[in-house]
Amino acid sequence: MNTVFKQQTLAGKVEVAGVGLHSGMEARVVLKPAMADEGITLVRTDVADGVFHLRPEMVKASPLCTLLENGHGVTLSTVEHLLAALHGLGVDNALVEIEGPEVPIVDGSALPWVEAIDRAGRVSLAASRTWLKMGEEAARVEDGDKQSVATHADEAGLTADVTIDFAHALVGRQRWAGFVDEATFRAEIAPARTFVLESQVAAARKAGLIKGGSLDNAVVFGDDGTVLNAEGLRFEDEPVRHKVLDLLGDLYMAGLPVWARVDAVQPGHTVNNVLLRKIAE
């Protein structure tokens with residue numbers, strides 16, 4: 001059960017560096033404490049007017065990642081794994097400084113961000129948590145084969161039921177369902193890496209994406225029916241767990257922990273954001 005009802009922030013600062021998945025550019029991130037009720041603030045330190053106070057409307061349509069654009073036209077991409085870690089570990093307030101246009105992909109999961117937050121430590125604040133709580137009337141989004149529904153939940157936190165179906169022998173139809181408390185997030189969701197089918201790689205690169213992609217930061221399902229990564233999968237159903245990870249990150253774009261049940265089929269960043277906007281109405 002989620003028993004953290006006081007706001008939390010970091011106990012100190014911590015740095016993470018790496019390459020951006022899509023830009024291929026090196027970036028450095030510094031996570032710092034923030035005061036109660038300040039929320040999560042992202043700041044690009046390499047440009048002017050690079051401040052992002054999280055709002056669902058800040059998300060812009062972009063393939064294969066969550067892309068933000070602030071009121072000054074400054075963009076920041078691939079924030080979802082970092083936000084998932086902050087959401088999953090109950091960090092309500094933090095200042096995140098990013099030197100670069102894209103948050104580093106690190107190993108393709110949220111685990112490096114969890115480890116970074118653990119190095120910084122967390123402290124409780126006097127202020128009570130504020131939740132983005134789903135009301136009694138359901139919120140629904142449908143886009144082709146993508147369907148997501150948010151409904152009221154009795155327990156404070158996110159209950160997820162996510163199903164995916166991909167045309168690959170090692171993926172196919174997968175489902176993960178459960179209450180995502182901190183222990184579950186750490187053990188079952190955070191280590192799940194982003195994934196791609198080998199047949200999709202050429203088209204993505206032609207579109208100017210995944211310039212920094214490699215077997216070190218993504219699971220690649222080969223055309224021959226195998227996993228191309230030498231270490232194999234972290235979970236037999238790693239792809240659907242990563243979709244739950246993305247859901248947590250995308251739902252934190254309101255800057256508040258979500259209290260709801262979400263049932264999703266073939267979820268993606270765009271549908272996740274539309275659902276969040278409906279929850280926040």
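The values are calculated or read from the model by the stated rules, or taken from the named source; none is laboratory data. Everything quoted here is computed from the prediction, not taken from an experiment. Neighbour counts run over all protein chains shown; Cβ positions are idealised from the backbone, glycine included.
For this structure, a couple of remarks:
- If you check Ala153, Ala169, Ala177, Ala160 for being among the hydrophobic types (A, V, I, L, M, F, W, C), more than 25 Å from Ser77 (Cβ to Cβ) and under 19 Å from the mean Cα position of the chain (by Cα), only one passes: Ala177.
- Residues of segment 18-46 satisfying the condition of being aliphatic (A, V, I, L, M), buried (at least 20 other Cβ atoms within 10 Å of the Cβ) and closer than 27 Å to Val220 by Cβ: Val19, Leu21, Ala27, Val29
- Residues satisfying the criterion are present in segment 163-174 (criterion: under 30 Å from Glu136 (Cα atoms), of a type outside the set (A, V, I, L, M), touching a Lys or Arg at 6+ places or on another chain (Cβ under 7 Å) and exposed (fewer than 15 other Cβ atoms within 10 Å of the Cβ)).
- Of all the criteria given as (1) over 24 Å from Phe195 (Cβ atoms); (2) surrounded by 14 or more Cβ atoms within 10 Å (Cβ to Cβ); (3) of a type in the set (A, V, I, L, M, F, W, C), the one not satisfied by Ile105 is (1).
- For segment 196-208, taking the residues that are closer than 14 Å to Pro63 by Cα and within 21 Å of the chain's Cα centre (by Cα), the one that is surrounded by the fewest Cβ atoms within 10 Å (Cβ to Cβ) is identified as Ala204.
- Search result, residues across segment 1-51 that are of a type outside the set (S, T, N, Q), at pLDDT below 95 and over 22 Å from Thr66 (Cβ atoms): Met1, Val4, Phe5
- For the residues Ala84, Ala61, the requirement of being at pLDDT 95 or above and of a type in the set (Gly, Ala, Ser) singles out Ala84.
- Cβ-Cβ under 7 Å pairs, at least 6 apart or on other chains, segment 219-232 side farther than 12 Å from Ser199 by Cα, far side of a type in the set (A, V, I, L, M) and exposed (fewer than 14 other Cβ atoms within 10 Å of the Cβ): Leu228/Leu215; Asn229/Leu215
- Qualifying positions in segment 90-122 - over 14 Å from Leu31 (Cα atoms) and not hydroxyl-bearing (Ser, Thr, Tyr): Gly90, Gly100, Pro101, Glu102, Ile105, Val106, Asp107, Gly108, Ala110, Leu111
- Residue pairs meeting the criteria (Cβ under 6 Å; at least 6 apart or on separate chains; first more than 19 Å from Arg175 (Cβ to Cβ), in segment 247-267; second among the basic types (Lys, Arg)): Trp259/Lys133
- Unique match (being assigned to a strand (DSSP E or B), over 24 Å from Thr159 (Cα atoms) and not assigned by TED's automatic domain parsing to the domain that holds Leu276) among Val47, Val96: Val96
- Selection over segment 247-258 of residues that are assigned to a helix (DSSP H, G or I) and surrounded by 24 or more Cβ atoms within 10 Å (Cβ to Cβ) gives a count of 7.
- Residues (of a type in the set (D, E, K, R) and farther than 20 Å from Gly255 by Cα) located in segment 101-141: Asp107, Glu115, Asp118, Arg119, Glu136, Glu137, Arg140
- Top-ranked residue of segment 259-281 - restricted to ones that are outside any helix (DSSP H, G or I) and among the hydrophobic types (A, V, I, L, M, F, W, C), ranked as surrounded by the most Cβ atoms within 10 Å (Cβ to Cβ): Val262
- The residues on offer are Ala110, Ala61, Ala85, and the sole one that is surrounded by fewer than 18 Cβ atoms within 10 Å (Cβ to Cβ), within 30 Å of Val201 (Cβ to Cβ) and touching a helix residue (DSSP H, G or I) at 6+ places or on another chain (Cβ under 7 Å) is Ala61.
- Just one residue in the set Ala160, Ala138 is in the same structural domain as Pro267 (by TED's automatic domain parsing) and surrounded by 20 or more Cβ atoms within 10 Å (Cβ to Cβ); that residue is Ala160.
- Residue pairs meeting the criteria (Cβ under 7 Å; at least 6 apart or on separate chains; first in contact (Cβ under 8 Å) with a residue 40 or more places away in the chain and more than 17 Å from Val274 (Cβ to Cβ), in segment 127-140; second exposed (fewer than 14 other Cβ atoms within 10 Å of the Cβ) and of a type outside the set (Val, Ile, Thr)): Ala127/Asp37; Ser128/Phe5; Arg129/Phe5
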